[in-house]
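Where a number appears in this text, it was derived from the coordinates with a stated rule and is not lab data. Source: prediction; values computed, not measured. With ideal geometry, Cβ positions are generated from the backbone for all residues, glycine too; neighbour counts draw on all protein chains shown.
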Amino acid sequence: AQRVTQPEKLLSVFKGAPVELKCNYSYSGSPELFWYVQYSRQRLQLLLRHISRESIKGFTADLNKGETSFHLKKPFAQEEDSAMYYCALSGRGGYQKVTFGTGTKLQVIP
Amino acid sequence: GAVVSQHPSWVICKSGTSVKIECRSLDFQATTMFWYRQFPKQSLMLMATSNEGSKATYEQGVEKDKFLINHASLTLSTLTVTSAHPEDSSFYICSALLPGSLQHFGDGTRLSIL
């Protein structure tokens with residue numbers, strides 16, 4: 001069974017402080033890991049995926065297979081980063097269903 | 001590109017009625033679409049996978065006779081909540097799978113059953 005765990009429901013940080021949103025997963029095989037973001041009153045949108053190894057809006061995430069983690073990080077939080085963040089997992093290749101974590105609300109305090 | 005439109009965005013109806021929600025891929029063809037349900041302050045729960053031209057695949061615990069899914073064309077999937085009751089009130093989100101790529105999500109439909 002595939003499972004995604006986001007231990008924090010809410011993370012509050014001050015503007016300019018580093019951010020780390022935790023994500024752990026369980027999957028038998030080689031998964032694809034994603035981070036999705038949902039800003040207030042907007043649709044869910046892809047933030048980044050592990051195979052791209054890119055930085056979007058200053059966010060990065062590294063897949064750690066040993067720890068089965070895919071934590072999302074940003075060195076300096078900005079107010080516009082306040083949103084719901086969902087870690088998600090799917091099998092490799094197309095047509096695979098995506099399993100979402102419970103989400104973490106990031107609140108950046110000015 | 002890769003826009004997914006969901007309609008309606010909000011619907012209120014009486015208990016016992018049926019409600020249809022549409023999910024359209026506007027600028028690409030999607031053989032596969034997904035339907036999710038999101039309760040307040042909770043994550044998205046996959047309800048079913050909708051495959052064009054064939055029967056939908058439902059997740060465990062989802063009543064297929066309650067939530068009818070039709071994927072009659074490569075750009076449209078519909079979810080019909082039959083004989084809706086207050087406990088069906090939720091936020092329903094669809095996504096369409098861009099071939100060879102990722103899922104793209106609609107804006108969601110807020111369903112309120114009185």
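Quick notes
- Residue by residue along B:41-53, Cβ atoms of other protein chains within 10 Å of the local Cβ number 3 on average.
- Exercise: per-residue mean of other protein chain Cβ atoms within 10 Å, A:82-91: 1
- Packing order of peptides B:53-66, B:97-110, B:22-35, highest average first: B:22-35, B:97-110, B:53-66 (average count of other Cβ atoms within 10 Å over each peptide's residues).
- Chain B - percent relative contact order, Cα under 8 Å, separation 6 or more: 37
- Sequence-distant lysines (8 or more away, or on other chains) whose Cα lies within less than 30 Å of A:Lys57: A:Lys9, A:Lys15, A:Lys22, A:Lys65, A:Lys73, A:Lys74, A:Lys97, A:Lys105, B:Lys41
- Chain A: relative contact order in percent, alpha carbon pairs under 8 Å with at least 6 residues between: 38
- Residue among A:Lys65, A:Lys97, A:Lys15 with the largest mean-square fluctuation in a Gaussian network model of chain A, springs linking Cα atoms under 10 Å: A:Lys97
- Cα-based reach from B:Lys64 at 16 Å (exclusive), listing lysines while leaving out same-chain residues under 8 positions away: B:Lys20, B:Lys55
- Rounded to 5, the percent of DSSP beta bridges in the protein assembly as shown classed as antiparallel: 90
- Kirkwood Rh and Cα Rg combined as Rg/Rh, the protein assembly as shown: 0.98
- Length gained when the stretch B:Glu59-B:Ser5 is fully extended (0.36 nm per residue, less Cα-Cα span): 17.1 nm
- Rounded to the nearest Hz, the phi-derived 3J(HN,Hα) couplings of region A:22-36 under the Karplus curve 6.51 cos²θ - 1.76 cosθ + 1.60 (θ = phi - 60°) are 8, 8, 10, 9, 9, 7, 8, x, 9, x, 9, 10, 9, 10, 10, where x marks glycine and proline.
- Gap separating the Cα centres of region B:70-99 and region A:59-99, nearest whole Å: 26
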